[in-house]
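A.B. asks: Take a look at the following structure, please.
Every number here is computed from the coordinates shown, using simple stated rules; none is lab data. Because the structure is a prediction, the values reported are computed rather than measured. Heads up, the Cβs are rebuilt from the backbone with ideal geometry, glycines too, and the neighbour counts pull from every protein chain shown.
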Amino acid sequence: MDKKLIFSGIQPTGTFTLGNYIGAVRNWDKLQEEYNCIYCVVDMHAITVKQENEKFRFTRLNSYALLMACGIDIEKSILFIQSHVKTHAELNWLLCCNTQFGELSRMTQFKDKSQRHPDDVNAGLFTYPSLMAADILAYNADLVPVGIDQKQHLELARNIAQRFNQRYGDFFTLPEPYINEVGAKVMSLQEPTKKMSKSDENPNACILILDDKDTIIRKFKRAVTDSEAEVCYREGKDGINNLMTIYSVVTGKDLASVEREFAGKGYGDFKLAVGEAVADHLEPVRTEFARLSADKAFLKQCYTDGAEKALRYSQRVVSKAFHKVGFVDRT
Ligand code: TYM
C-alpha cells in the first residue's frame, strides 16, 4: 500500500519557539520514516503581518536551515519555501472562491491578530486560512501535524475541500489533523494561561530554540508557578503543568515519573532541572544550525531542489483542480 502523505508548514517570523518545536516540528523528523513528508517555510503567510524586508529575507533562510537542523532530511522529505512554488497562490484563488465570508470571520486567529494590529487588518490576514488550505490540498495531503492552535484552520480546510468536491465532483482528499497528546499547546512561561508565542512582548515568556543554555535556564528560573510547593499535574496549576509537560517531552519521562522524581523538592530545583533538560535537548539543534547556516551555497541548492520537486508534485493536482472548475487547459 502507498504511504500516506504528510504536509505541514511553519512561518519564518524569527527563530522558532519551544512551542513550535514541541507542538509540531519535533514530530516532523520521526514522521519521515513512516510517511511521505512535505514540509514548507510558509513565507507568504508571514507577510499578512508587516515584515521588515531585509530581516525577512534573512529569517526565511534561517528557518529553512533550522528545519534541517531539527532533523528534516532532504533525501527523505521535500522541504521548500512556499513563495518558490507558484501553485499555492494559484490554488488559493480557486479556494477563496469556495470559502465563505462568514467562515473566515469566525477564525479566532484572525480576530486575535486584527485586535493586535488594528492599523493593518488587510485582506491577506482575512483570507489566510484559504491559503493554508491551498498549501495542504495542492498535495492532496492525508495528515497535517500541527499544534492545537491550528485545528480550527484545519477544520476549515476540510470544509473547503468538501464544498469543492460537492460542487465539482470528488477530488480533494480531506486532510486529518495530527496533534500530539502531550505538548499540543505549550504555554507562556510568564502567563501560563496564554499560548507561548514569539510575538509576546515579554522576552522571558518564550524560549527560542536558538537561545543559549544560560538564557534558557534564566528564563525557566523566572517562570511563573504558584504558591504551593508541590510538583504535580493538577487542574489550576497551569505554570507547573506547563513545565511538567515540557520536561516530560524533552526527557521522554511520563508525568507520573516526573512527579516522583521531584517529590519533596522545591520549585527552584524543578525549574533548574527543566531549564537544563531543555538546553541539553536543543544543543544538537543549535550546533547543526550553526554548521548549516554557514553554508549558503548548499542551502540554496537544497531549497531550489525542494521547490522543483514540490512544483512538479503540486502542478499535477492544481492543473486538475482548474480543469474541474471549467478552465480551458493551456496544453
Ligand atoms: P505557526 O508558524 O504559527 O506555527 C508552526 C507550528 O507550531 C505550532 N505551535 C505551537 N504548538 C504548541 N504550542 C505552542 N505554543 C505553539 N505555537 C505554535 C503551530 O500549531 C504550528 O503547527 N498557519 C500555520 C502555518 C501553516 C500551515 C500550513 C501549517 C501554513 N500553511 C499548512 C500546516 C499546514 C502557522 O501559522 O503556524
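A.B. asks: Can you give the FRET efficiency to the nearest 0.05 for residue 163 and residue 265, using r as the Cβ-Cβ distance and R₀ = 51 Å?
C.D. replies: For residue 163 and residue 265, the calculated efficiency is 0.40.
A.B. asks: Straight-line reach from residue 185: which lysines have a Cα under 17 Å away, not including same-chain ones fewer than 8 places off?
C.D. replies: Partners found: 151, 194, 195, 198, 237.
A.B. asks: Please report the Cα spread of region 163-299 along all three principal axes, rounded to whole Å, starting with the longest.
C.D. replies: 63, 44, 31 Å, listed from the longest principal axis down.
A.B. asks: Would you please put 205-214, 175-184, 291-300 in order of how densely packed they are, using the mean number of other Cβ atoms within 10 angstrom per residue and starting with the highest?
C.D. replies: Order by mean packing, descending: 205-214, 175-184, 291-300.
A.B. asks: Just the number, please: percent antiparallel of the DSSP beta bridges in the chain, rounded to the nearest 5.
C.D. replies: DSSP beta bridges in the chain are roughly 10 percent antiparallel.
A.B. asks: In nm, to one decimal, how far is the modelled label at residue 214 from the one at residue 58, with both set 7 Å along Cα→Cβ?
C.D. replies: 2.2
A.B. asks: Considering just Cα atoms, how many Å³ per residue does the convex hull of region 57-159 enclose? Before the final figure, lay out each step's value.
C.D. replies: Numbers: hull volume 13.8 nm³, N = 103.
Cα convex hull per residue, to the nearest whole number: 134 Å³.
A.B. asks: Also, quick follow-up: Starting from the exponent 0.38 and prefactor 2.2 Å, build the expected Rg for region 252-331 from its residue count and divide its actual Cα Rg by it.
C.D. replies: 2.12
A.B. asks: Additional query: Tell me what the chain gives for mean residue ellipticity at 222 nm when only DSSP H runs of n ≥ 4 count, each as -39,500 (n - 2.57), the sum divided by the residue total, rounded to 500 deg cm²/dmol.
C.D. replies: -17000 deg cm²/dmol
A.B. asks: Follow-up question, since we're still on this one. Once you have the Cα-Cα distance between residue 272 and residue 300, take 0.36 nm times their residue separation minus that, and quote the gain in nm to one decimal.
C.D. replies: Taking 0.36 nm per residue and subtracting the Cα distance, the gain is 6.2 nm.
A.B. asks: If the limit is 28 Å between Cα atoms, which of 4/213; 86/296; 221/253; 55/300; 50/221 go over it? Write out the running numbers ahead of the final one.
C.D. replies: Working: 4/213 38 Å; 86/296 23 Å; 221/253 21 Å; 55/300 18 Å; 50/221 33 Å.
The answer is 4/213; 50/221.
A.B. asks: Tell me the Kirkwood hydrodynamic radius of region 183-238 in angstroms, computed as one over the mean inverse distance between distinct C-alpha pairs.
C.D. replies: Averaging 1/r across every pair of different Cα atoms and inverting gives 12.1 Å.
A.B. asks: Now, a different point. Which percent of Cα-Cα pairs in region 1-128 sits in each 10 Å bin, short to long?
C.D. replies: So the P(r) values, bin by bin, are 11, 36, 37, 15, 1, 0.
A.B. asks: Would you report the distance distribution of C-alpha pairs in the chain as whole percents per 20 angstrom bin, up to the bin with the largest distance?
C.D. replies: The percentages, shortest bin first, are 30, 56, 13, 0.
A.B. asks: How large is the dipole of the chain about the Cα centre if only Lys and Arg carry +1 and Asp and Glu carry -1, each at its Cβ, rounded to the nearest 20 debye?
C.D. replies: It comes to approximately 780 debye.
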